[in-house]
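Before any comments, here is the structure.
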Amino acid sequence: MNLFAKIFLGFWLSTAAIIGSWLLANEYVDPLGDMLTQDAGQQSRMQPMPPRPVRPGGRPPGGPGGGADFGLAPRSMFRIYYGLQNVAENDLRSWISRQEEAEKLQIRLVDSDGREIFGRKLVPGSTQILKRLQGFRRRAAHQERGMLLFGQELYRPEWGSVSMIISTRAPASPIVKFLTDHLWLRLLLALLISGAISYAVSRYLTRPLKHLQQASRDLAEGNLAARIAVSAKGGDETNELARDFNSMAEQLQEKIQAQKRLLNDVSHELRSPLARMRVALALAEKEPARSVEQLQRIELETERLDGLIGQLLSLPDAQADMEDSIDLVSLLQQLCEDANFEAQAQNKQVGFHSELDEAVVRSHGDLLKKALENVIRNAIHYTGIATRVSVTLEQQNSALQIMVEDHGPGVPEDDLEKIFTPFYRIDEARQRETGGFGLGLSITRRAIEQHGGSAHAENFDQGLRVIITLPA
């Protein structure tokens, strides 16, 4: 379920709780606007009656012993009492039925002979009410079989003094009655219920964000291992955000660790020639006769330092914009011609083949030229004497593929991927003797990836094949 649905349901449940609480309260409380009659037409049929002499101590229904104690709002009891005395005789039966349905109660009118005016059966407990109303008492209450009965005398001109008996289910508990008698308490209860639901929903929605906040702080303080516990898939937008954070943290950790490794490797590579230069200087001071030899050694180490720094400066800038266009056919022809000229001095050859007339790609300065030149020179270095380095260019669907093949010893299968990492050497001693630093193929891969392509190596039956793919 997405975040929008959760927020929607949260507000919906809160609103439903408020409305539900209000409707639940109104099951026991009469609406404010319905004070006297159910409709305006009925009022026209109600006839004012002369006041009936009131016995001493008489009072309207409600208050102690009246409607408030009976479980109905005083205004509801007053309306029923008023209607039973004033509604026209022809409309009284239907009026009583409407009140019984609306208020969920039963109303009986009993004459002085103990008979119900409309011939309906008296509810259980009515006899006790009638007995209590005999004599001077004007109202009485009785509870029987889960029913609460209330009786009071009233006056009708056509029947004289009659007894009104109202029966309803007894309130479930004093708490319900207490709630029905206090509007402010019902409102407070509705607010508390909706507040609890809203709080629970809000906590549920914001908990992932709190975890994300804490993980972000940990990451900012240098804890690169900070992660958020989240499922691998599924969930809402907060889960996707947590997974994106974990991915970002992993990449950041890898980049920083790679930078540390690169810094350590560079420090090691710079320290070695500097140490040899220091030894050469010390020997030159001790043996002035051999100073020329030691100076040559210092010059050699200086050239190695210069070459290393140059290659480090050649590492591609990840922010460089691809704003130039270059034709790979022309570029590879030029590189292969120059490389072949150098390879002939070692009794080796470099050949280029392509059936394409033109293959234009986006590039930045001579970035692509350096990347391809590193691969070709590396192949010349390892190919055998009197062998040929083959460079081919072909188009495959929407990609351009460059293959550089040599006839050398190849690379162990476990090292095929490692040769593209900075300062990695398969044969440490041999690389140092030839002046290699293990940066050439690393520079190539980073440059090709910056162009949106890929570079990998594989062994074949005659040597090593480096495959470079670029978007056409």
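Per residue, the convex hull spanned by the Cα atoms of the stretch 338-383 amounts to 87 cubic angstrom. In sequence order, the stretch 186-202 has phi-based couplings of 5, 5, 4, 4, 4, 5, 5, 5, 5, x, 5, 5, 4, 5, 4, 5, 5 Hz under the Karplus curve 6.51 cos²θ - 1.76 cosθ + 1.60, θ = phi - 60°, and Gly or Pro positions carry x. For the stretch 291-302, 3J(HN,Hα) computed residue by residue from phi via the Karplus equation (6.51, -1.76, 1.60; θ = phi - 60°) reads 5, 5, 4, 5, 5, 5, 5, 5, 4, 4, 5, 5 Hz, glycine and proline entered as x.
Relative protection proxy for 281-291, 88-98, from highest mean packing down: 88-98, 281-291 (other beta-carbon atoms within 10 angstrom).
How much net charge surrounds Leu252 when only other residues with a Cβ under 14 Å from its Cβ are counted (Lys, Arg +1; Asp, Glu -1)? Surrounding charge for Leu252 is -2. Distances between placed amide hydrogens fall under 5 Å for Val389 paired with Gln349, Val350, Gly351, all partners being 5 or more residues away or on another chain. Taking a straight Cα-Cα cut-off under 20 Å and skipping sequence neighbours fewer than 8 places away in the same chain, the lysines within cross-link reach of Lys131 are Lys121. Using θ = phi - 60° in the Karplus curve 6.51 cos²θ - 1.76 cosθ + 1.60, the 3J(HN,Hα) couplings for the stretch 461-470 round to 5, 10, x, 10, 10, 9, 10, 10, 10, 10 Hz; x is entered for Gly and Pro. Protection proxy ranking of 80-86, 124-130, by the mean of other Cβ atoms within 10 Å over each peptide's residues and highest first, is 80-86, 124-130.
As a rough guide to protection, the peptides 157-163, 378-384, 115-121 ranked by mean Cβ packing within 10 Å, highest first, stand as 378-384, 157-163, 115-121.
No value in this document is a laboratory result; all are computed from the given coordinates. Please read these numbers as outputs of a predicted model, since none were measured by experiment. For neighbour counting, all protein chains shown are included, and Cβ atoms are generated from backbone atoms with ideal geometry for every residue, glycine included.
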